[in-house]
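Trainee: One structure, pasted below without further comment.
The values are calculated or read from the model by the stated rules, or taken from the named source; none is laboratory data. All figures in this text were calculated on a predicted structure; none of them were measured in a lab. Positions of Cβ are backbone-derived with ideal geometry, glycine not excepted, and every protein chain shown enters the neighbour counts.
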Amino acid sequence: MYEDIILTTENRRRDSARVKLKLLVHGVQDNPELFQSLSFKFKEEHYAYDNGNWGVDKNRLVPTELILPGNIVSKVHFRPDSPISMRNDGGLLIIEEAGRVLSDFEFLPRPRFWDYHTSLGTTTKRLAQMYGKNCLNFNIFSGCQYHDTGFGCQFCSVTSTVTRKDSSVVIKKSPSELAEVCDFASKHDQIDHIIITGGSYIDSDREFDAHMAVIRAIRHKLPWDGRIRGNVSLMPPQTESKLIELYQEGVDHPSFNLEVWPQTAFEKVCSGKSHYVGFSKIIKSFEILVHHYGAGRVWCNFVAGLVPVEDLMKGFDAIAEMGVIPGANIFHPEVGSHLGNTLSRPNEDFIIRAYSHAADVYHRFGYKPFFNTAILRNSLANEVYEGLI
Ligand code: SF4
């Protein structure tokens with residue numbers, strides 16, 4: 001009996017992993033009536049960094065994620081041409097593909113810390129969000145100076161998503177207000193991890209110092225004894241001696257995200273990172289961090305779908321051999337990005353091949369994928385690692 005229950009749960013998780021694969025490859029159709037009827041009952045899109053919702057007015061509330069049976073969270077990207085749709089079937093929320101039911105699902109609730117204001121009167125939703133089920137997330141700078149000089153990463157839409165007068169988020173956030181947010185989230189929500197991201201500054205020492213000022217301000221407001229239990233994503237500083245501060249201030253998993261492989265693709269797709277920091281500087285900085293942290297702690301993320309799958313797999317191998325864990329998000333065209341309308345989306349075979357190779361790498365080196373299936377909403381690394389796909 002007990003074994004039957006385990007088997008049933010496992011089968012449901014396999015089904016959910018397949019549905020998540022379809023959702024991340026194809027996106028889903030908009031359903032304004034459904035979302036109107038459920039307003040404020042789901043965690044809505046936050047638009048702090050990116051926008052993969054085609055044909056959706058940013059002022060209308062739409063869900064940012066959904067959760068499938070077996071604790072598998074998927075990002076929701078709205079695309080009018082998707083064969084996937086959602087509907088309410090007498091109180092049960094259903095996902096269908098061309099009229100065939102794929103799964104039931106639920107939306108994730110709004111984080112409770114969104115009900116509060118900082119001492120300066122800022123609504124906390126303008127400062128941070130919950131990523132997946134229980135991972136606090138904010139961008140210290142919801143913008144990027146690389147875009148200002150024409151060197152933005154080709155897949156990135158941060159400038160058109162955020163940098164505008166009526167932006168729904170605070171573009172440059174102060175360490176003290178972020179510390180208040182961490183305090184609220186620790187007290188009112190279950191948080192197990194955190195993700196802290198840029199954007200980037202042309203002066204990478206300035207970017208690094210801005211990150212460290214926030215890390216120092218928040219580390220004792222979080223529930224992990226001064227540790228930053230999660231990921232801090234940034235570009236390495238020009239001054240190499242600064243790197244040890246990440247280790248000293250308790251950051252569990254710093255990452256410098258190369259996004260694509262090899263170097264020639266990096267120079268083209270991530271021209272700002274290449275121009276203002278440089279591929280060899282990033283590789284050298286990985287070596288320094290691995291010296292402090294040991295192998296299997298530092299991360300490097302890629303975007304799956306921008307280069308041929310063979311190149312992506314070579315990137316996973318090369319990074320893993322340096323002692324760094326590779327990860328990947330699935331490419332989704334973003335409104336306002338350079339590649340939004342020009343690059344076709346990866347298909348399901350591409351994604352399965354890429355993550356199967358990543359899982360082989362993890363097993364070979366004794367690494368673990370980032371976070372877990374309830375957090376990593378735009379990736380299938382955990383699902384493939386667990387053998388669900
Ligand atoms: S570094 Fe690239 S991906 Fe990151 S915010 Fe700037 S342009 Fe976007």
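Trainee: For the range 64-120, give me the residue count where each residue is closer than 28 Å to GLU10 by Cβ, touching a Phe, Trp or Tyr at 6+ places or on another chain (Cβ under 6 Å) and not aliphatic (A, V, I, L, M).
Mentor: Of the residues in the range 64-120, 1 are closer than 28 Å to GLU10 by Cβ, touching a Phe, Trp or Tyr at 6+ places or on another chain (Cβ under 6 Å) and not aliphatic (A, V, I, L, M).
Trainee: Just checking, which of LEU24, LEU68, LEU92, LEU102 is out of contact with any Leu (no Cβ under 8 Å at 6 or more places or on another chain), crowded, with 22+ Cβ neighbours inside 10 Å, hydrophobic (A, V, I, L, M, F, W, C) and not assigned by TED's automatic domain parsing to the domain that holds ALA354?
Mentor: Working: LEU24 fails: out of contact with any Leu (no Cβ under 8 Å at 6 or more places or on another chain); LEU92 fails: crowded, with 22+ Cβ neighbours inside 10 Å; LEU102 fails: crowded, with 22+ Cβ neighbours inside 10 Å.
Residue meeting the stated conditions: LEU68.
Trainee: Please determine, by comparing only the residues of the range 122-137 that are over 16 Å from the mean Cα position of the chain (by Cα) and touching a residue at least 40 places away in the same chain (Cβ under 8 Å), which one is surrounded by the fewest Cβ atoms within 10 Å (Cβ to Cβ). Break it down stepwise before answering.
Mentor: Of the residues in the range 122-137, the ones over 16 Å from the mean Cα position of the chain (by Cα) are 122-127.
Those still in the list that are touching a residue at least 40 places away in the same chain (Cβ under 8 Å) too: 122, 124-127.
Details: THR122: 17, THR124: 23, LYS125: 20, ARG126: 20, LEU127: 24.
By that ranking, first place goes to THR122.
Trainee: Select from the range 108-142 the residues that are at positive phi and in contact with a Ser or Thr (Cβ under 8 Å, 6 or more places away or on another chain) and list them in ascending order. Show your work before the answer.
Mentor: Residues of the range 108-142 that are at positive phi, as a first pass: 121, 132.
Correct list: empty.
Trainee: Looking only at the range 287-313, count how many residues are under 22 Å from the mean Cα position of the chain (by Cα) and over 15 Å from ASN231 (Cα atoms).
Mentor: Selection size over the range 287-313: 10.
Trainee: Cβ-Cβ distance below 8 Å, separation of 6 or more or different chains: which pairs start in the range 138-157 with a residue that is within 20 Å of ALA265 (Cα to Cα) and touching a residue at least 60 places away in the same chain (Cβ under 8 Å) and end on one that is aromatic (Phe, Trp, Tyr) and within 8 Å of the ligand (Cβ to nearest atom)?
Mentor: Listed pairs, sorted by first residue: GLY152/TYR146; CYS153/TYR146.
Trainee: Is there a residue in the range 332-345 that is modelled with pLDDT of 95 or more, among the aliphatic types (A, V, I, L, M) and in contact with a Leu (Cβ under 8 Å, 6 or more places away or on another chain)?
Mentor: Restricting attention to the range 332-345, the residues satisfying the condition of being modelled with pLDDT of 95 or more are none.
No - not one qualifying residue is present in the range 332-345.
Trainee: Let me ask something else. Looking at the structure I just gave you, is SER344 assigned to a loop (DSSP other than H, G, I, E, B) and buried (at least 23 other Cβ atoms within 10 Å of the Cβ)? Can you show your working first?
Mentor: Details: assigned to a loop (DSSP other than H, G, I, E, B): yes; buried (at least 23 other Cβ atoms within 10 Å of the Cβ): no.
No: the conditions fail for SER344.
Trainee: I've got another one for you. Please verify whether ASN301 is in contact (Cβ under 8 Å) with a residue 24 or more places away in the chain and of a type in the set (S, T, N, Q), treating the condition exactly as stated. Spell out how you get there, then give the answer.
Mentor: Details: in contact (Cβ under 8 Å) with a residue 24 or more places away in the chain: yes; of a type in the set (S, T, N, Q): yes.
In short, yes.
Trainee: Within the range 1-115, considering only strands (runs of 3 or more DSSP E) that don't extend past its boundaries, which have at least 3 residues that are under 19 Å from the mean Cα position of the chain (by Cα)?
Mentor: Here the list reads 65-68, 72-75.
Trainee: Here's a follow-up. Only one of (1) basic (Lys, Arg); (2) in a loop (DSSP other than H, G, I, E, B); (3) within 16 Å of the ligand (Cβ to nearest atom) is not met by LYS268, so which one is it?
Mentor: (2) is the only condition that LYS268 fails.
Trainee: Go through (1) touching a residue at least 12 places away in the same chain (Cβ under 8 Å); (2) away from the ligand (no atom under 13 Å from the Cβ) for SER233 and report which single condition fails.
Mentor: (2)
Trainee: Taking ARG297, is it of a type outside the set (Asp, Glu), in contact with an Asp or Glu (Cβ under 6 Å, 6 or more places away or on another chain), assigned to a loop (DSSP other than H, G, I, E, B) and modelled with pLDDT of 95 or more?
Mentor: Numbers: of a type outside the set (Asp, Glu): yes; in contact with an Asp or Glu (Cβ under 6 Å, 6 or more places away or on another chain): no; assigned to a loop (DSSP other than H, G, I, E, B): yes; modelled with pLDDT of 95 or more: yes.
Criteria not met by ARG297.
Trainee: SER119 fails exactly one of the following numbered conditions: (1) part of a loop (DSSP other than H, G, I, E, B); (2) not assigned by TED's automatic domain parsing to the domain that holds ILE375. What is the number of that condition?
Mentor: With (1) part of a loop (DSSP other than H, G, I, E, B); (2) not assigned by TED's automatic domain parsing to the domain that holds ILE375 applied to SER119, the lone miss is (2).
Trainee: Quickly run through the range 130-178 and pick out the residues that are more than 16 Å from the ligand (Cβ to nearest atom), of a type outside the set (A, V, I, L, M, F, W, C) and in contact with a His (Cβ under 8 Å, 6 or more places away or on another chain).
Mentor: ASN134, SER168 - these are the residues of the range 130-178 that are more than 16 Å from the ligand (Cβ to nearest atom), of a type outside the set (A, V, I, L, M, F, W, C) and in contact with a His (Cβ under 8 Å, 6 or more places away or on another chain).
Trainee: Test LYS273 against the stated conditions and say whether it is in contact with a Phe, Trp or Tyr (Cβ under 9 Å, 6 or more places away or on another chain), more than 19 Å from TYR49 (Cβ to Cβ), at pLDDT 95 or above and assigned to a helix (DSSP H, G or I). Steps first, please.
Mentor: Numbers: in contact with a Phe, Trp or Tyr (Cβ under 9 Å, 6 or more places away or on another chain): yes; more than 19 Å from TYR49 (Cβ to Cβ): no; at pLDDT 95 or above: yes; assigned to a helix (DSSP H, G or I): yes.
Considered against the rule, which asks whether it is in contact with a Phe, Trp or Tyr (Cβ under 9 Å, 6 or more places away or on another chain), more than 19 Å from TYR49 (Cβ to Cβ), at pLDDT 95 or above and assigned to a helix (DSSP H, G or I), LYS273 comes out as no.
Trainee: If I filter the range 322-331 for residues that are surrounded by fewer than 18 Cβ atoms within 10 Å (Cβ to Cβ) and either farther than 28 Å from GLY55 by Cβ or modelled with pLDDT of 95 or more (or both), do I get at least one hit?
Mentor: Yes, there is a match, as at least one residue in the range 322-331 is surrounded by fewer than 18 Cβ atoms within 10 Å (Cβ to Cβ) and either farther than 28 Å from GLY55 by Cβ or modelled with pLDDT of 95 or more (or both).
Trainee: Another question, then. Of the residues that make up the range 10-20, is at least one away from the ligand (no atom under 16 Å from the Cβ), surrounded by fewer than 21 Cβ atoms within 10 Å (Cβ to Cβ), acidic (Asp, Glu) and modelled with pLDDT of 95 or more?
Mentor: yes
Trainee: Now for a separate question. Quick check on the range 178-195. Is at least one of its residues touching a helix residue (DSSP H, G or I) at 6+ places or on another chain (Cβ under 9 Å) and under 23 Å from SER274 (Cα atoms)? Step through it out loud before you land on a result.
Mentor: At the first step, the residues of the range 178-195 found to be touching a helix residue (DSSP H, G or I) at 6+ places or on another chain (Cβ under 9 Å) are 178-189, 191, 194.
With the extra rule that they be under 23 Å from SER274 (Cα atoms), the set shrinks to none.
Taking every residue of the range 178-195 in turn, none turns out to be touching a helix residue (DSSP H, G or I) at 6+ places or on another chain (Cβ under 9 Å) and under 23 Å from SER274 (Cα atoms).
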